[in-house]
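Q: Shown below is the structure under consideration.
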Amino acid sequence: MRGAVKLAAVSAALLAGTHGFYGWLQLEETAYLTVLSGLAAVLGILAAGRLWWSNCVESRLTTAAVALCTLLGLLLVTAVGLPGAGATDAPSWIEILLVALSCSTLLLLVLSSSRSRLEPRRGQHADQHRRHA
C-alpha cells in the first residue's frame, strides 16, 4: 500500500499548489484569502513532502487538516458567501478543482492507512491481531 501513500502525497502537493494559485488570483479582491490560501499552500507542501518521505502521523494529520479546511471553507463560501459580499454565484473552475483535490487527498489518506493497520508487524503472528469473540 506504499503506492497509495505516494498518490496521497502527490494529491496533497497538487492541492497545495492549487491553493497557491487560488491565493494569487484573489490578491486584488480579498487580501485575507490570499494569506489563508498562502498558508494552506505552505503547510500543504511541507506536509506532502513529509508524507512522501516518511509517512508519519504528523504529515497525515496536517494533510487531512488542510483538505478538510479547504472543503469546509469552500462550502461556507458557496452557501453563505464572503464576509460583506453575500451569497456567490456558481463555483468557479478552481473552486471545483480544490474540492476534487481535497476529496481525492482524503480518500487516498484513508485507503493508505486502513490496510497498514490490518497487516501484522514483522515477527508477529497474524493470530495475535485477530479479535477472538
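The values are calculated or read from the model by the stated rules, or taken from the named source; none is laboratory data. Please read all numbers here as calculations on a predicted model, not as lab measurements. Ideal geometry is used to build each Cβ from the backbone, glycine not excepted, and the neighbour counts take in all protein chains shown.
Q: With respect to Thr78, is the statement that it is part of a helix (DSSP H, G or I), crowded, with 16+ Cβ neighbours inside 10 Å and among the β-branched types (Val, Ile, Thr) true?
A: no
Q: Another question about this same structure. Within the stretch 81-101, track down each residue that is outside any helix (DSSP H, G or I) and surrounded by 11 or more Cβ atoms within 10 Å (Cβ to Cβ).
A: Scanning the stretch 81-101 gives Gly81, Leu82, Ala85, Thr88, Pro91, Ser92.
Q: Quickly run through the stretch 1-15 and pick out the residues that are buried (at least 16 other Cβ atoms within 10 Å of the Cβ) and more than 13 Å from Leu101 (Cα to Cα).
A: Result: Ala4, Val5.
Q: Return the residue satisfying two criteria in turn: it lies in the stretch 75-133 and is touching a Ser or Thr at 6+ places or on another chain (Cβ under 8 Å) and not hydrophobic (A, V, I, L, M, F, W, C), and of such residues it is modelled with the lowest pLDDT.
A: Thr88
Q: Keeping to the stretch 1-42, report how many residues are in contact with a Ser or Thr (Cβ under 6 Å, 6 or more places away or on another chain) and without any contact (Cβ under 8 Å) to a residue 24 or more places away in the chain.
A: The number of residues fulfilling the criteria is 3.
Q: Further question on the same structure: Looking only at the stretch 42-61, which residues are farther than 9 Å from Ala12 by Cβ and surrounded by 19 or more Cβ atoms within 10 Å (Cβ to Cβ)?
A: Of everything in the stretch 42-61, just one residue is farther than 9 Å from Ala12 by Cβ and surrounded by 19 or more Cβ atoms within 10 Å (Cβ to Cβ), namely Arg60.
Q: Go over the candidates Ala13, Ala4, Ala40 one by one and state the one that is at pLDDT below 90, in contact with a helix residue (DSSP H, G or I) (Cβ under 6 Å, 6 or more places away or on another chain) and assigned to a helix (DSSP H, G or I).
A: Ala4
Q: Of all residues in the stretch 16-37, count the ones that are part of a helix (DSSP H, G or I), surrounded by fewer than 15 Cβ atoms within 10 Å (Cβ to Cβ) and not aromatic (Phe, Trp, Tyr).
A: 3
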